[in-house]
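Read through the structure below, which is laid out as structure tokens, and then see the notes.
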Amino acid sequence: MNRHQAPEELLLDFAAGALPPGPSLLLSLHVALDPVARRTVQDFQAIGGALLESAQISSDDEISLEVALSKLDEIPVESPPATVQPIPGFEWAPATLVPYLGRTPRWRKALGGFENIPIRIPGDRHRIEVLRLMPGVGLPQHHHTGSEYTIVMQGGFTDVTGNYGVGDFAMGPGPTDHEPIADPGEPCIAMIVLEQPIVLTNRWAPLLNPLLRRGWL
Amino acid sequence: MLTADEAADLIQAIATRQDRAAFAALFRHYGPRIKAFLMRGGSDSETAQEVAQEAMIMVWRKAASFDRTRAAAATWIYTIARNKRIDHLRRTGRPPIEAEDWLTIFAPEEEDADKSVLAGQTYTRMKELMDDLSADQLVVIRKAFFEDKTHTAIAEELGLPLGTVKSRIRLALGRLRDALEREKDE
């Protein structure tokens, strides 16, 4: 049983398609891994469906069936999509993440003793990365100037706000310092989406923060 | 009118035998609705028409991916239309979640306990339930779906504190669910 779902208003943003690509991808992973969040999104989508069904229409809303029918000859009905094949070594990745990892993803050593894979989505201005932390390894203490979303895909981590396992969603608001540390067991793998560069608050901060702001770290 | 079962049958007919008559029936029902829906969200008539056309063509192409046990036809078509609109707005790169991904997200091995309570409802029942929501709650829900606005943007637009918008969303969902839970118990 997961204990950390995304708040309902954020799941509504997701279900209504209002989120930018980065947060939307992260929420799709949460929904894939957490049955309670999935149920909430399905409920919201059912509301969307009901709103579409009950849309008030007038004769002005008629659209040309002939135009559509004339196109069908060239457009085959596609067979159902094949299930996404997991990438060897990356079996923890839900299907919606796989296309973004590339064919041969490679972990990159990051400053601070963890590894990461940056994720790029055209048209998205968030900083998005998948992180891997060995048990006991922590992220440098930091706080946020914007919102931060995290989804755990393997293992778990603990910080002052609690313990997070597979499927759990964490939202880092504002100024509180926190220092997430990977739990014992499997390495912790999580995706993180940052609205703004994080601000380090440890002793290296004056040196590293300007680099973080430029997206070099 | 078209019931949810009839709509699902039509989609299945497209999937199994490329049934153009079934497509035409679906098109007549949902084409104008998609257009009206989009125009309520602020699209101009031309864009709404274009997106509605593209969405309906997508319904044809993806018919074999539709699974009536996982989503009602209107919900599936809503998702496709929504993605088409996002696609239209961005026109850069692919949208993050393709319509077919939505179906893979919803893992097949779902247990009954996790089933969406609203997903199984008929449209008339959903409409009744939604009519029971307060005007304050409805305006937020409608803005989210019709205008693709985040709850933060809705709060700004309505000049409301963020907390108020959050609680309206939670209350609305809670009320819909409670009403259905009560019916189930009776």
Legend entry - Checking A:R38 against (1) more than 7 Å from chain B (Cβ to nearest Cβ); (2) among the charged types (D, E, K, R); (3) in contact with an Asp or Glu (Cβ under 9 Å, 6 or more places away or on another chain), the condition it does not meet: (1)
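Sort out for me the helices (runs of 4 or more DSSP H) sitting completely within the range A:1-82 that have 2 or more residues that are open to solvent by 30 Å² or more (accessible area, probe 1.4 Å) and more than 29 Å from A:E129 (Cβ to Cβ).
Once the helices (runs of 4 or more DSSP H) in the range A:1-82 are filtered for at least 2 residues that are open to solvent by 30 Å² or more (accessible area, probe 1.4 Å) and more than 29 Å from A:E129 (Cβ to Cβ), what remains is A:65-72.
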Inset, instruction - Take the residues in the range A:1-16 that are facing chain B (nearest Cβ under 7 Å) and touching a Ser or Thr at 6+ places or on another chain (Cβ under 8 Å), then tell me which one is nearest to B:G174 (Cα to Cα). - result: A:E8
Inset, instruction - Using the structure shown, decide if B:P95 is open to solvent by less than 20 Å² (accessible area, probe 1.4 Å) and either modelled with pLDDT under 90 or more than 7 Å from chain A (Cβ to nearest Cβ) (or both). - result: yes
Inset, instruction - For residues that are open to solvent by 30 Å² or more (accessible area, probe 1.4 Å) and within 7 Å of chain A (Cβ to nearest Cβ), scanning just the range B:122-141, find the one that is modelled with the lowest pLDDT. - result: B:Y123
Inset, instruction - Give me the pairs, please: first residue somewhere in the range B:5-27 and farther than 19 Å from A:L65 by Cβ and more than 9 Å from every other protein chain (Cβ to nearest Cβ), second residue anywhere and open to solvent by 10 Å² or more (accessible area, probe 1.4 Å) and not polar (S, T, N, Q), beta-carbon distance under 8 Å, and either six or more positions apart or on two chains. - result: B:A8/B:F66; B:A8/B:R68; B:A8/B:A72; B:Q12/B:F66; B:Q12/B:R68
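Looking only at the range A:96-138, which residues are basic (K, R) and surrounded by 15 or more Cβ atoms within 10 Å (Cβ to Cβ)?
Narrowing the range A:96-138 to residues basic (K, R): A:103, A:106, A:108-109, A:120, A:125, A:127, A:132.
Answer for the range A:96-138, where residues must be basic (K, R) and surrounded by 15 or more Cβ atoms within 10 Å (Cβ to Cβ): A:R127, A:R132.
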Inset, instruction - Among the residues of the range A:44-78, write down those that are within 7 Å of chain B (Cβ to nearest Cβ) and small (G, A, S). - result: A:A46, A:G48, A:G49, A:A50, A:S54, A:A55, A:A68
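If I filter the range B:146-167 down to residues being in contact (Cβ under 8 Å) with a residue 24 or more places away in the chain and under 20 Å from the mean Cα position of the chain (by Cα), which single residue comes out as nearest to the other protein chains (Cβ to nearest Cβ)?
Taking the range B:146-167 as the starting set, the residues that turn out to be in contact (Cβ under 8 Å) with a residue 24 or more places away in the chain are B:146-148, B:165.
Now drop any that are not under 20 Å from the mean Cα position of the chain (by Cα), which leaves B:146-148.
Working: B:F146: 7, B:E147: 8, B:D148: 5 Å.
Result: B:D148.
Tell me which residues, restricted to the range B:60-75, are more than 17 Å from A:S79 (Cβ to Cβ) and crowded, with 18+ Cβ neighbours inside 10 Å. Steps first, please.
Narrowing the range B:60-75 to residues more than 17 Å from A:S79 (Cβ to Cβ): B:68-75.
Selection gives B:R70, B:A71, B:A72, B:A73, B:A74, B:T75.
Considering every residue within the range B:40-47, establish whether at least one is open to solvent by less than 10 Å² (accessible area, probe 1.4 Å), closer than 19 Å to A:A46 by Cα and not aliphatic (A, V, I, L, M).
Taking the range B:40-47 and keeping what is open to solvent by less than 10 Å² (accessible area, probe 1.4 Å), we get none.
The answer is no; no qualifying residue exists.
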Inset, instruction - Restrict the check to the range A:86-103 and report whether at least one residue is within 7 Å of another protein chain (Cβ to nearest Cβ), touching a helix residue (DSSP H, G or I) at 6+ places or on another chain (Cβ under 9 Å), polar (S, T, N, Q) and closer than 26 Å to A:P180 by Cβ. - result: yes
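The values are calculated or read from the model by the stated rules, or taken from the named source; none is laboratory data. Only a predicted model underlies this, so the values are computations on that prediction, with no experimental measurement involved. Positions of Cβ are generated from backbone atoms using ideal geometry, with glycine treated the same way; all protein chains shown enter the neighbour counts. Accessible surface is based on the protein model in full, side chains and every heavy atom, while ligands, DNA and RNA are left aside. Shrake-Rupley method; radii C 1.70, N 1.55, O 1.52, S 1.80 Å.
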